[in-house]
Amino acid sequence: MSVDVRFEPAERLRGHITAPPDKSISHRAALLAGMTDEPVRISNYLHAEDTHATLDAVRALGALVEDRGDEIVVRGVGLREAREVSAPIDVGNAGTLMRLLPGWLAAQEGRAWTIDGDASIRRRPVDRIAEPLTRMGARIDARDGRFPPFTVHGARLRAISYDLPVASAQVKSCVLLAGLVAEGATTVHEPIPSRDHTERMLAAAGVGVHRNGRRVTVSSADELELDTIAVPGDPSSAAYAVAAGVLVPGSRLVVRNCAANWTRTGFMRIVQRMGGIVIGDLEEEPGDDVPRTEPVTELDVTAGPLVGTTVEPDEVPLAIDELPLVALLGCFAEGETVVRGAEELRVKESDRIEAVVTGLRGLGAEIEGTPDGFVVTGTGGLRGGRIESLGDHRLAMLGAIAGMASTEGVEVIGMDAAAVSYPTFAEDFAALR
C-alpha cells in the first residue's frame, strides 16, 4: 500500500546530518565480496531494499552472508564458482545489480541464470550490457530481445576493447567484471567520464587496473584479495540535504561523512556555480593512476540567492541521479536553467524527465521537457500541491524537499519509495526543523 506524506514549508533548517551509506558502493562491495575466496568485512553497508537484493543475490550464488549489526561479513565463492540455481535471481528494483551481476555470471562457463525484478525493472533495457557480453562469448536471452527477465549463459570469455556508445558506470562495470575472467586484457573506452567505484575497488583487490585518459583496462585475475571495505556516505543522498539547505532561507546544515569522489560530486559543483554555498574538501580529478580508496569530506551548506545555469552533456554522468534536484533549484533561481544530454534519465526507475516536468509543473513550476533534458524558467519559488513518486525513490525525495521550500507545502503520493535508497529520510529531515 502506498504511504502518502505531507511536507510543510520549513522556516529554516539547522543542524548536522550524516549521509546514509553509499548505495553504489554498497552494491559493488557485496558483489566483489561474493567473488572473493576469503571472508570480507564490509562496514557501514547501506540497509535498504536495493542493497538487500544484492546480498540476497550473492547468497543465492553460494556466498555466506552474516549481518553483525555494525558490519556485514561475506564469505564468497571466488571468481569462477558461482552456484547455479533453478529459480530466477530477483533483483527487485535494483538497476545497478541488474546490470553489474551479469558481468560475473557471464564468466561461469557452462552454467546459466535467469534475472528478473519488479515491474519497473521489467521496463529497463539490458541490450547495452548484452552487446559487449555477447562479443566476449557469452549469450544473453532477453524478453523481446532487450528487457527482463533475461537469461545469462556463461562461457569461456575473450577480452575485448569496447567503446561505450553512452557513458554508463553500470555498463562499464559489467564489462570490467567480465574481463576479470576473460583471456587477455579488457579495455573500455568512455565518451565522457562516469563513476569509477568499480575501478577503485578492483585496484584495492590487487587487480591490474590502468587508466589512460578515458580508457580503462583490466587484466584477468586468478582471485580477488579483499579484507575490509568501508562504505562512505552517499553524495546522491546527501544532495537532498544540500538542496534543502540552499533553498530554505536561514538554513545552515553540516553533512558529515560524505564521499568526495570527483565522479560523484558533479551536483555540488553545479550548486556552487548557481550561487549556493557548499563548502567541503572535494576531490580533484585524479590522473591515470587509479586510486584504491574513496575520499570523504564534511559539507557546510548555507542558503543563498541562486542564478540559472546550463548543465552540459559532459557533466551529466557525474550528476545523473541529482539532475531532478537541479530542476528544483532552477525553479528558485533567477533566469533559465537548462539540462542537456541527459536522455539516460528516460530509462531510470521512471521516465525521470517526464516525471520531473509533470511533477514540478503541478507544484507551480515553469518547466518544459526536451528529448534529452529540460528547461526551467525561474520564478523565485514554488506554490506547492501534490506530486506522485511513481514508485521512484528520487522523485519521492524531490517532492519532500520541494514541500519544505514551497509556500503551501507538498503532499508526496508514495513516499515509501524513498526506502529504496534512504530509509531514514523522514526522520533525518524532521530533526533539522
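Just so you know, all these numbers are worked out from the coordinates, no wet-lab data involved. Here the structure is a predicted model, which is why all the values come from computation and not from measurement. Backbone-built Cβ (ideal geometry, glycine too); neighbour counts: all protein chains shown.
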Sorted by average packing, counted as other Cβ atoms within 10 angstrom per residue and highest first, what order do 256-263, 100-107, 357-364 take?
100-107, 256-263, 357-364
Counting Lys +1, Arg +1, Asp -1, Glu -1, what net charge surrounds ARG352 among other residues with beta carbon under 10 Å of its beta carbon?
-3
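Pull up the DSSP beta bridges for the chain and report the antiparallel fraction as a percent, rounded to 5. Intermediate values should be presented prior to the final figure.
Details: 49 of 71 bridges.
The antiparallel fraction comes to roughly 70 percent.
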Along the charge dipole of the stretch 105-217, Cβ charges K/R +1 and D/E -1, which of PRO149, GLY137, GLN170 sits furthest on the positive end?
GLN170
I need the calculated FRET efficiency for the pair ASP288 and ASP37, taking r as the beta carbon distance and R₀ as 35 Å, to the nearest 0.05.
0.75
For the stretch 279-324, just the Cα set please: Rg and Dmax, both in angstrom.
14.1, 39
What per residue convex hull volume, in Å³, comes out for the stretch 2-112 when only alpha-carbon positions are used?
126 Å³
Sort all Cα-Cα distances of the stretch 23-230 into consecutive 5 angstrom bins from zero, then give the percent of pairs in each bin up to the one containing the longest distance.
1, 8, 17, 22, 23, 17, 10, 2, 0
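Tell me, LEU176, LEU164 in order of fewest to most beta-carbon neighbours within 10 Å? Don't jump to the answer; show the numbers that get you there.
Numbers: LEU176 23, LEU164 19.
So the residues, fewest neighbours to most, are LEU164, LEU176.
Based only on the alpha carbon positions, what is the Kirkwood hydrodynamic radius of the stretch 232-347, in angstrom? Please report the intermediate quantities before stating the final value.
On the way: mean 1/r = 0.0694 Å⁻¹.
Roughly 14.4 Å, rounded to one decimal.
How big is Rg to Rh over the chain, alpha-carbon atoms, Rh as the Kirkwood inverse-mean-distance radius?
Details: Rg = 20.9 Å, Rh = 21.8 Å.
Ratio value, two decimals: 0.96.
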How much length, in nm to one decimal, is gained on full extension between ARG135 and ARG361, taken as 0.36 nm per residue of separation minus their Cα-Cα distance?
77.0 nm
May I ask for the net charge around ALA155, where only other residues with Cβ less than 10 Å from the Cβ of ALA155 are counted and Lys, Arg are +1 while Asp, Glu are -1?
+3
Test of the criteria: in the stretch 4-113, which trypsin sites (Lys or Arg not before Pro) are in a DSSP loop and have at most 12 other Cβ atoms within 10 angstrom of their Cβ?
ARG68
Taking the alpha-carbon centre of each part, the distance from the stretch 99-123 to the stretch 377-433 in Å is 33 Å
Sequence-distant residues sharing a close amide H with ASP234 (under 5 Å, placed H):
ASP22, ALA259
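Using 0.36 nm per residue of separation minus the Cα-Cα distance, give me the extension gain between ARG12 and GLU81 in nm, one decimal.
Working: separation 69, 0.36 × 69 = 24.84 nm, distance 5.40 nm.
Value of the extension gain: 19.4 nm.
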Options ALA238, ALA405, HIS52, ranked by Cα towards positive dipole end of the chain, top entry (Cβ charges)
HIS52
In degrees, nearest ten, helix 23-34 long axis to first principal axis of the chain (Cα)
10 degrees
Pick out which of GLU298, GLU11, GLU334 has the largest mean-square fluctuation in a Gaussian network model of the chain, springs linking Cα atoms closer than 10 Å.
GLU11
May I ask you to compute the full-extension gain from ASP227 to ARG214, defined as 0.36 nm times their residue separation minus their alpha-carbon distance, rounded to one decimal in nm?
1.8 nm
